[in-house]
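*Asks:* Next up is a structure, given as structure tokens.
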Amino acid sequence: MVSAQLLRARKGLDVAIIEPSEEHAYQPAWTLVGAGLMTRPQTVKPEKRQIPKKATWIKDYVESVDPDNMEVILRSGDKVAYEYLIVAPGIQINLDGIEGLKEAFGKNGVCSNYVDPEYTWEVLKNFKEGVALFTQPATPIKCPGAPQKIMYLTADHLNRNGLNDKTQVVFATPGTVIFGTEPFKTELKRYVNEVYNIAQRYGYKLIKIDGEKKEAHYVRLALPDGRTDYVVNDERNAAGCIGYVWDDGQQYVVEEENNAIDELKEGTHYVIKYDMLHLAPPQSAPDWFQKTKLANQDGPDKGWMGVHKHTLQSRFYQNVFGAGDVTDLPTARTGAAIRKQSPTIVENLLKVMDGKDANYEGYDGYSSCPLVVAHNRMLLAEFKYEAVRSSDPLLSKFIDLGKASYAMWLMKRYGLPMLYWHGMLKGYKF
Ligand SMILES: Cc1cc2nc3c(=O)[nH]c(=O)nc-3n(C[C@H](O)[C@H](O)[C@H](O)COP(=O)(O)OP(=O)(O)OC[C@H]3O[C@@H](n4cnc5c(N)ncnc54)[C@H](O)[C@@H]3O)c2cc1C
């Protein structure tokens, strides 16, 4: 996207893209693949069609960057010299970041749209009774709404197939609320509590998966402001959402009944038994990137790429910019965010090329989350820094964007993929 926009903005630039993959995937559609609403091949196109015609494609992995000598070191051993660098290697999925996950993953109902959405659909098709547990790690993740989207689609699938009496959907998250920004929060609460009757557990940090026993282990975190509503809408425990407290001697000591769990304290080690488990795995900046001088060396954002939050310029090197999931921008990591980051990067990069300061503070933290809440309903949550609502003014004239709608569903299924392949990747700004 940045290369295409850059080549449109100024003629005669020598642009190269280092990219090892032969194919490019539209990851936002993996949510639909996991629910059987699209196939994976429908989400993938050949890489060579995405590389702008005037850019050179260097088909290799980056192994390191030496910003002092303005060189990128490739896996082949070659070095590529640059004058200006844009860093966008995405995020790394760490299956070994949770005890037992690697061993459990991809069998016995443990699935993830982040890794293999086709397996998610296989699990979902075969899920006829018991607990479907949806969960996410305490690390930052790309598209933080994605673990919820597949949960809503699962609940809708169970309703449509008359399976909701025999099943219980459970959402367990280290987070403290279902969503941070109004009016989307209220609309999503309606879906979890009223439409789907989903049992929710907040402040639950996943620490281990026992794939053989089909158990997910959690430690309970403190909720802010002395809140105690760890467990919400869990009155259907008797229908199958059964968990246990685990003591230090590794013995079950309390069998949960009704709201007894509300009395348990921060630090409690809790086990939820599942029949199907969908999770977002732990994620981080790529290992090789963390070792470069472009990564924050300490602080809470250690390892992520340090960039100025409004200009996207590296905090450490003036001729380097960052885009997307690898950056430390305090907003949701999404493709939608990059749509708004790219024009700012291009404008500032051209300024630096002209010997000026990169002082265009064009990026306001915009990100968005198309929350698919049913097979025919979507809620477009758009926001900027500090979780302030930032809905599109033009769309807002025609549609109530605070509510999930069929029109927005059509946008998710057909409009956004078109926009991505034929607009964003081709360097059009909107
Ligand atoms: C299930 C799911 C649902 C999602 N839903 C949405 C959504 O609805 N809306 C939305 O906006 N976003 C969504 N996202 C998030 C979105 O896909 C990402 O935020 C976006 O793709 C990030 O772009 P990126 O360029 O930073 O990283 P990526 O798109 O991951 O691209 C990174 C690129 O770097 C290349 N690369 C990696 N390592 C190296 C290396 N060592 N050397 C050279 N190249 C390398 C990779 O091959 C890849 O092409 C979703 C993601 C998932 C997984």
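*Asks:* Determine if the range 336-345 includes at least one residue that is open to solvent by 20 Å² or more (accessible area, probe 1.4 Å), free of Cβ contacts under 8 Å to residues at least 60 places away in the same chain, away from the ligand (no atom under 11 Å from the Cβ) and not aromatic (Phe, Trp, Tyr).
*Replies:* Checked the range 336-345: no residue is open to solvent by 20 Å² or more (accessible area, probe 1.4 Å), free of Cβ contacts under 8 Å to residues at least 60 places away in the same chain, away from the ligand (no atom under 11 Å from the Cβ) and not aromatic (Phe, Trp, Tyr).
*Asks:* If I ask for residues that are in contact with a Phe, Trp or Tyr (Cβ under 6 Å, 6 or more places away or on another chain) and within 12 Å of the ligand (Cβ to nearest atom), which ones from the range 109-131 would you list?
*Replies:* 111, 113, 117
*Asks:* Restricting the search to the range 114-129, which residues are open to solvent by less than 30 Å² (accessible area, probe 1.4 Å) and either free of Cβ contacts under 8 Å to residues at least 60 places away in the same chain or touching a Lys or Arg at 6+ places or on another chain (Cβ under 8 Å) (or both)?
*Replies:* 114, 117, listed by residue number.
*Asks:* Shifting gears a bit: Hey, could you check the range 60-89 for residues that are within 24 Å of residue 357 (Cβ to Cβ), in a strand (DSSP E or B) and open to solvent by less than 40 Å² (accessible area, probe 1.4 Å) and say which is farthest from the ligand (Cβ to nearest atom)?
*Replies:* Residue satisfying both the conditions and the ranking: 85.
*Asks:* Consider residue 134 against the criteria (1) in contact (Cβ under 8 Å) with a residue 40 or more places away in the chain; (2) more than 16 Å from the ligand (Cβ to nearest atom); (3) buried (at least 17 other Cβ atoms within 10 Å of the Cβ): it satisfies all of them except one. Which criterion is unmet?
*Replies:* Of the numbered conditions (1) in contact (Cβ under 8 Å) with a residue 40 or more places away in the chain; (2) more than 16 Å from the ligand (Cβ to nearest atom); (3) buried (at least 17 other Cβ atoms within 10 Å of the Cβ), the odd one out for residue 134 is (2).
*Asks:* Note down all Cβ pairs under 9 Å where the first residue falls in the range 3-16 and is touching a residue at least 40 places away in the same chain (Cβ under 8 Å) and more than 18 Å from residue 88 (Cβ to Cβ), the second is of a type in the set (Asp, Glu) and part of a helix (DSSP H, G or I), and they're at least six residues apart or on different chains.
*Replies:* Here the result reads none, with nothing in the range 3-16 linked to a residue that is of a type in the set (Asp, Glu) and part of a helix (DSSP H, G or I).
Yes or no, residue by residue, for (1) under 17 Å from the mean Cα position of the chain (by Cα); (2) over 25 Å from residue 142 (Cα atoms); (3) of a type in the set (D, E, K, R):
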| site | (1), (2), (3) |
| --- | --- |
| 362 | no, no, no |
| 371 | yes, no, no |
| 375 | no, no, no |
| 387 | yes, no, no |
| 398 | no, yes, no |
| 418 | no, no, no |
| 428 | no, no, no |
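The values are calculated or read from the model by the stated rules, or taken from the named source; none is laboratory data. All values derive from a computational prediction rather than experimental measurement. Heads up, the Cβs are rebuilt from the backbone with ideal geometry, glycines too, and the neighbour counts pull from every protein chain shown. Keep in mind that these areas ignore ligands, DNA and RNA; they rest on the heavy atoms of the full protein, side chains included. Shrake-Rupley method; radii C 1.70, N 1.55, O 1.52, S 1.80 Å.
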